[in-house]
Each structure stands twice: as C-alpha cells, then as structure tokens.
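*Asks:* Structure incoming, see below.
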Amino acid sequence: MDAHRSPPTSNCKPMTVTNTSTSPSSAGEPAADLTGTKTGMVASALKGLPTLLVLVVMGGGWMVMHQINSGGSSTEAMVETAQEPVSSDTLNLPEGKLKVAKIKSIPAQPQNIQHVHTVPGRLRYDQTKHVDVKAPMDGILAELVVTPGDHVNAGDLIAVLRSPEIGQARAEILKRKKERDIAEQILQRELTLAKNLQQVSNMLDQGQSVDAIETAFSNRALGVYRQDILSAYSKMLLADELLAKLRPLVASGSVSGRTVREREGERQLAETAFRTARDQASFEIEQSQMKAEANVAEANRQLNLAWQSLETLLGYKEDKNTVNLSNEEALSRLEVRAPFGGSVESQGFANNERVMRGDALIVLANTDSLSVEASIRESDWSVVNLQPGAEVSVMVPALDQRVFPAKVRYFGREVQADTNSVPLIARIENNEGLLRPGMFVRVTVPIGELRQALSIKPESLLQHENEQFVFLDLGNGSFQRVNVSTGQASDDWVEVTAGLSRGQSVVTKGAFLLKSELLLQGEGE
C-alpha cells in the first residue's frame, strides 16, 4: 500500500520545478532553459526509481510463484505423455499371477448345439422291480425266512407254506409220471417186437426151418406173431414136401394128376396164408408202435401240464430231478421264492398265521435302477425330440447338484387334462445306491433339432451390468474383454451369434479371475 502512495508525492515536486522553469522571465535564455529541463527530468526519474523497483520486484515474484505452481502439472503431463496408452478392455497379468491363475483357453469352434428344457420330476420305484410277493393259495405260513431290511437274490427262499392244494398238484404229478412210465414200457415192448419180427422175416426169406427159427427166438419176444407166422410157414413147408413127393408118382401112374393139382392148390393157399400173416404182422406191429409212441407223447404232455400247474401255484420252477415227493408233508410243502434280487421293504404276516390266496407276504424292491417321472408342457410337446432309448440328464439337488444320465422308456401321447402336459418316464441306473425313490430332481430334455453353430464353453461366458462378454487370450499374459451375443445352449456348449470368429482363443478356466482383475483395474483408474 505504501508503494502505491509514494508516487503522487514525488510527482508534485517536478511539477513545481517545471512550472518555475517555464515562467515568462526565463523565455529569453534558451540554453539555460534546455539545461534546466534535462536536469529536471533526471531528477524526476531518480525520484520515481524506488517505485519502479518495487513494481519490478512484485512482478518478478508473481512470475516465480506461477512457474512453481505450474511446474508439477507439467511434469505429470510429460510423464503421462511418455507412458503408453492402455485400453480399458485389455488386461495384462504379471508372470506371478499368471502362474497362480492357471488359465486355460480353447478356440471358438463349431459344435453340435441343441436347445434343452429343464422340468421338475421325481424318482420312483421301477414298477417291474417293486412287487408284493403274494401267497399263491390258501394255507398256513409255516415259516417266514426273511425280515424287513434283508437282501435276497433271485430264487432265494422267502417263506414256507403248508397247503393241501399243493399236495393235490404234486399227487397229480405222481399219477402222470406213472402213466408216462407205463406208456414208455409199452413203446419199448413194441419196438422190441418190431426188431425181432424183422429178424424172423430175414430168416424166413433165407428159407430156414421152423425148428431153427424157434431155437433162435426161444427166449425173445414175438408176441402173437410167433404162432401166426410160424404156423403159416410150417403149413407152407408141409405142402411143399407133399407136392415134391407126389410129382414123381404122377409119371408112374400111381397118383392121378388131379391129386397133384389139388396138392398144388393147397400149397398155394398155404403160401398165401403165410404171406398174409407176415403182412398183417408187419402192419400191426407198425400200428402198435405208432400208438405206443403217441401214448408216450400224450403222457409227457399231461405230465408237463401237471408240472406247469404246480409251478403256477408255486410261482417258481422246481427242480424235477431233486424234488421230494416221498411223503405227505413233502407233497403239501409250498416254498415261496424271490422273483428277483432286492431288499425286503416290509412283511405282512408272522409264522403260523393262516393266509389266503393273494395276501402279500412281503414287499420286495430292487433299487439298482429307478424310474424318473416328469411332465412336459403341452407347448413344448411338438418340439421335443424324444424316442425310447434317448438320453436325458437328471440333476439331483439333494446330492450337491450331481447329474446322472437316464434313458427314456416312455414319452406319452395323450395330454393330461389337469396339468396340460404329457408324461415322461425314464430309467436311471442306481449302481452307487445314492438315489432313493421320492427324491426331487430336475430333468433336462433336448428341444428341437441338432445343428452346428460357433460355440464356446459355458464357463467362458461372463456377465456384468447386463452385458455378456468373454476374454480372448492374446498371449504373453495379455487378455482382452470382448462382448458377445449368445443363442441356444446345452450342458457343454453355448452358441455365439455375434462378437467372435472361428479359431479365436477364448479363456475357459480362470475367466472369473480375469473379470475381477479387470474390475479392480477400472476402480484404480
């Protein structure tokens, strides 16, 4: 403030000097006036010098302060200018983080894509392996061998009943077996007769004597054919002998030709009777053999029917070679056996209780395989491409979202009126025994036709602020975020409709870590 006040004071004095030097009394002395004027100007300059110095010092100080304040910003700007520009979508990981992340990438490539639909469902018993083992007939439960929780194999003994009906069925078997044995004995005799008769015929054709034939077959069966054939053969031989004796006597006149002719007629009749006996014996033995064979076949059929009736009552097949039919207790014994391997779920009776035909003795279940029951909405029915044997995925929430494969057994054709859906039943294997009937599951079924499309792995796809993106692996620890548009998806692949080209390396493992690093980089800026 003092510096600004001093100049006016100093300016008053020069003004006084100037007025004095330009007074009228000095006009006649030019040299003196010029010298006085210069002297006044120098005096005025000297008097204003302090003020000028103050102004110069103030200006210099302001310039110095301005330079100091602007110097830092200029340095930062120079440093920033020297640095390379970094894109907000690009991420560079140092070597240490890169090793820890263990990032893996695969190229985007065409894959088979099929739209899927997930519906709720339930696990149920396989109805073919969840049965009530029932009493085949009325009787007394003599012994129940198993208890709930026991595991049995197919054919294992479950219970023993005493039933008169079983006794009658087994008695019928004994009767049919005896009839079969008789029929087989008759057939065997007929076969023996046929064989012996054939041998007799061969000896007759050779012209052997009756005594030789009788001797050869004295201990062998010929039946009624022995008398018929051998008697006719003997008469024929006798006629031959008489005729042979009469013929020489005809020439001597001792025997008339008429007698010879009569003997020849008798011989022809004897031969005819012999041939007839042989033919009749052959025919009868053949017929008897065929009838015996038919009787044996019928006896076997009746025996098989008796066994089938018994096995129908029993519910299982008995070993025909080892079954005990020796006494009444064995005849009425009824063994109930397991139709398949499984576990005993429950029992309905105790020992020595009376049971009626159809009463459930136990409930037997096999959970090595189960049924999956789900419903497909009517709107999806026409596009669901399911045939028996097609594979679907079954996710079980109770087992940490574990996924099991299942094969379609039946896909309904009729829409259920109460749910507007069609039933889907699939078969799921339960080899580990983890699945239980009644569990809630989610069933994923394919929708539409299978087609090829550019695809990436589901774990590669990330989302932030309603944007879907992936990370491209640029190599040397550099990764770039790229926004993508997606289409249909399956469990293994996601269709990419925009944003990627075939062959670009897309990060799979470690994608979420890259997302976190990129977000931290954005916050740092």
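*Asks:* So which residues in segment 99-113 are on the phi < 0 side of the Ramachandran plot and surrounded by fewer than 16 Cβ atoms within 10 Å (Cβ to Cβ), if there are any at all?
*Replies:* K99, V100, K104, I106, P107, Q109, P110, N112
*Asks:* Then there's this: Of the conditions (1) within 30 Å of E432 (Cβ to Cβ); (2) outside any helix (DSSP H, G or I), S326 fails just one. Which one is it?
*Replies:* Just one mismatch for S326, condition (1).
*Asks:* Restricting attention to segment 344-361, does a residue exist that is within 30 Å of E184 (Cβ to Cβ), in contact with a Leu (Cβ under 8 Å, 6 or more places away or on another chain), charged (D, E, K, R) and assigned to a loop (DSSP other than H, G, I, E, B)?
*Replies:* No.
*Asks:* Still on this model: Which condition from (1) of a type in the set (A, V, I, L, M, F, W, C); (2) more than 60 Å from the chain's Cα centre (by Cα); (3) under 30 Å from K177 (Cβ atoms); (4) part of a helix (DSSP H, G or I) is the one that A273 breaks?
*Replies:* Among (1) of a type in the set (A, V, I, L, M, F, W, C); (2) more than 60 Å from the chain's Cα centre (by Cα); (3) under 30 Å from K177 (Cβ atoms); (4) part of a helix (DSSP H, G or I), the lone unmet condition for A273 is (3).
*Asks:* Here is a list: R354, R337, R377. Which entry is touching a strand residue (DSSP E or B) at 6+ places or on another chain (Cβ under 7 Å), charged (D, E, K, R) and surrounded by 17 or more Cβ atoms within 10 Å (Cβ to Cβ)?
*Replies:* Among R354, R337, R377, only R337 is touching a strand residue (DSSP E or B) at 6+ places or on another chain (Cβ under 7 Å), charged (D, E, K, R) and surrounded by 17 or more Cβ atoms within 10 Å (Cβ to Cβ).
*Asks:* On the basis of being outside the structural domain of E298 (by TED's automatic domain parsing), surrounded by 16 or more Cβ atoms within 10 Å (Cβ to Cβ) and assigned to a helix (DSSP H, G or I), does I158 make the cut?
*Replies:* No.
*Asks:* Looking at segment 418-426, can you tell me whether even one residue there is surrounded by 13 or more Cβ atoms within 10 Å (Cβ to Cβ), at pLDDT below 80 and either under 28 Å from Q488 (Cα atoms) or within 16 Å of the chain's Cα centre (by Cα) (or both)? Don't jump to the end; show me each part of the working.
*Replies:* Going residue by residue through segment 418-426, those that are surrounded by 13 or more Cβ atoms within 10 Å (Cβ to Cβ) are 421-426.
In the following step, the residues that additionally are at pLDDT below 80 were identified as none.
The answer is no, given that none of the residues of segment 418-426 is surrounded by 13 or more Cβ atoms within 10 Å (Cβ to Cβ), at pLDDT below 80 and either under 28 Å from Q488 (Cα atoms) or within 16 Å of the chain's Cα centre (by Cα) (or both).
*Asks:* Could I ask something else about it? Just to check your reading of the model, which residue among V255, V200 is aliphatic (A, V, I, L, M), in a helix (DSSP H, G or I) and in contact with a helix residue (DSSP H, G or I) (Cβ under 8 Å, 6 or more places away or on another chain)?
*Replies:* So the residue among V255, V200 that is aliphatic (A, V, I, L, M), in a helix (DSSP H, G or I) and in contact with a helix residue (DSSP H, G or I) (Cβ under 8 Å, 6 or more places away or on another chain) is V200.
*Asks:* Restricting attention to segment 233-269, which residues are within 20 Å of E214 (Cβ to Cβ) and crowded, with 19+ Cβ neighbours inside 10 Å?
*Replies:* Within segment 233-269, Y233, M236, A239 qualify.
*Asks:* Which condition number does E293 fail, the rest of (1) within 30 Å of G155 (Cα to Cα); (2) among the charged types (D, E, K, R); (3) modelled with pLDDT of 85 or more being met?
*Replies:* (1) is the only condition that E293 fails.
*Asks:* Is there a residue being part of a strand (DSSP E or B) and either modelled with pLDDT under 90 or more than 19 Å from the chain's Cα centre (by Cα) (or both) anywhere in segment 395-403?
*Replies:* no
*Asks:* Which pairs do you get when a residue that is closer than 21 Å to A426 by Cα and free of Cβ contacts under 8 Å to residues at least 12 places away in the same chain, found in segment 446-458, comes within reach of a residue that is basic (K, R) and surrounded by fewer than 19 Cβ atoms within 10 Å (Cβ to Cβ), reach meaning Cβ atoms under 6 angstrom, with the pair 6+ apart or on two chains?
*Replies:* If the second residue must be basic (K, R) and surrounded by fewer than 19 Cβ atoms within 10 Å (Cβ to Cβ), no pairs are left.
*Asks:* Still on this structure, I have one more. Please enumerate the residues belonging to segment 433-453 that are of a type outside the set (G, A, S) and at pLDDT 90 or above. Working first, answer last.
*Replies:* Taking segment 433-453 first, the residues of a type outside the set (G, A, S) are 434-437, 439-447, 449-452.
Once the filter is applied, which keeps residues that are of a type outside the set (G, A, S) and at pLDDT 90 or above, segment 433-453 yields L434, L435, R436, P437, M439, F440, V441, R442, V443.
The values are calculated or read from the model by the stated rules, or taken from the named source; none is laboratory data. Bear in mind that the values here come from a model prediction, so they are computed numbers and not experimental data. As a convention, Cβ positions derive from the backbone with ideal geometry for all residues, glycine included, and neighbour counts pool all protein chains shown.
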